[in-house]
1. Evaluate the Kirkwood expression for the hydrodynamic radius of the stretch 18-74, namely the inverse of the mean inverse distance over all pairs of different C-alpha atoms, and round to one decimal in Å.
2. Could you give the alpha-carbon Rg of the stretch 237-318 over 2.2 N^0.38 Å, rounded to two decimals?
3. Output the relative contact order of the chain, whole-number percent, from Cα pairs under 8 angstrom with separation of 6+ residues.
4. When N is the residue count of the chain, what does its C-alpha Rg come to as a fraction of 2.2 N^0.38 Å?
5. Subtracting the Cα-Cα distance from 0.36 nm times the residue separation, let me have the gained length for Glu179 to Leu282 in nm, one decimal.
6. Using a Gaussian network for the chain with springs between C-alpha atoms less than 10 Å apart, which of these wobbles most: Phe166, Phe100, Phe333?
7. Return the long-range amide H neighbours of Ile243 (sequence gap of 5 or more, or a different chain), with a cut-off of under 5 Å between placed amide H atoms.
8. With the Cα gyration tensor of the stretch 137-227 in hand, convert its eigenvalues to equivalent ellipsoid semi-axes via √(5λ) and list them largest first in whole Å.
Amino acid sequence: MANKKETQSGAQFNLGAFLTKNSMVIALVVVFILFYFLTDGRLLYAQNMSNLLLQNGYVLVMACGMLLCILTGGNIDLSVGSVICMVGGIAAVLITNYNFNVYLTILLCLAIGIAAGVWQGYWIGYVRIPPFITTLGGMFIFRGFGRLVLDSKTVAVQNEAFLNIFTAYIKIPGLDTDERILSPLVVGAIIVVLIFYSTISSRAKKAKKGYRQNSAFSDFGRSAIISVVLMIYCWMLCQYRGISVMLVWVVAICLIYHFITSKTAFGRYFYAVGGNEKATQLSGINTNKVYFLAYTNMGFLAGLCGLLCLARVGSVNGQTGNSFEMDAIGSCFIGGASAYGGSGTIPGVIIGALLLGVINMGMSIMGIGDSWQYVVKGGVLLVAVIFDVVSNRKSGH
């Protein structure tokens, strides 16, 4: 009887741990199903599913950089929306008004984004001005520069070479024609093979080294679910224009930063600083440099987002990028990043961004105005942070 009770309580504990660990994934599924019925199935139209990632691409890119800032101790960057406005404005003016070379413009704008990050990273990392104050000042400064460059006007970009770098749709000869598009299914199938290969390889390495690991059912079941969802999405892309170059940009950024944060010693430095900065310093890690690189990197990604937004919208004005930083910050916290720093993952950030994206798209399809969208997003963010704080208190952190 005692063993039976212990087994039952253990199963209950494991179920609770599973629900806690996957709470945001469950929330995403629930919200998706809810809006599917509220929109009479229109949420699942191929065009809407294609646009879901494209419209939120800038959020995913920014959130990858914002996560590194948050990991260092719950710090944030309030200036990214303004950097997007400034960089996008410079690119639009150079290309449209001065017919500047597209590729040189892109490189110059990325360098300007990095310079903005270096400026803020120096004050935060080496002078130790609080990040909130530094980036709040940057928010006003860079927004002002953006409006000066634009001369308080809206500047459009119609240069095909520039737009194609970020917004064209990929057509593979032999797979894609005007009548049918098959490349998304082929690409999806290749990715599925890689997913299962990675799962098998990971389990074999852990078994060889004697590491504890999940059950085969758990690991392969998760891979199977991811693969099914991926193939369904690829099938939908086949119904609407195929794979966008912007989707490639976003996926590449997410994969790179997932690798950095999960597989490299450099990525672990950000977790270490957020977990215990003094202990990290004593271990020989230059914490000033970690702060500096976090905000320099954020400037680079904000610069890239400025180009992505300009290409997707086709124009930029003094309000471009307004409140974008809130979407990036919200994606991180909703996706499981700790408000105290030292905890968070890129997959979690992706889930948080998609959750916000589904809410935005679902409410837009229903004809609900921006005001209520802000209310709902704010409520979701508050619930996520409360959940994180309460969980930390219960665990004694």
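The values are calculated or read from the model by the stated rules, or taken from the named source; none is laboratory data. Note that the structure is predicted; figures quoted are calculated from it, not measured. Every residue, glycine as well, gets a Cβ built from its backbone with ideal geometry; the counts of neighbours run over all protein chains shown. The area values use the complete protein model at the heavy-atom level, side chains included, leaving out ligands, DNA and RNA. Shrake-Rupley method; radii C 1.70, N 1.55, O 1.52, S 1.80 Å.
1. 13.6
2. Relative to the rule-of-thumb radius for its length, the stretch 237-318 sits at 1.50.
3. Reported as a whole number, the value is 35 percent.
4. Ratio of Rg to 2.2 N^0.38 Å for the chain: 1.04.
5. 30.8 nm
6. Among Phe166, Phe100, Phe333, the largest GNM mean-square fluctuation belongs to Phe100.
7. Answer set, sorted by chain and number: Ile170.
8. 45, 27, 10
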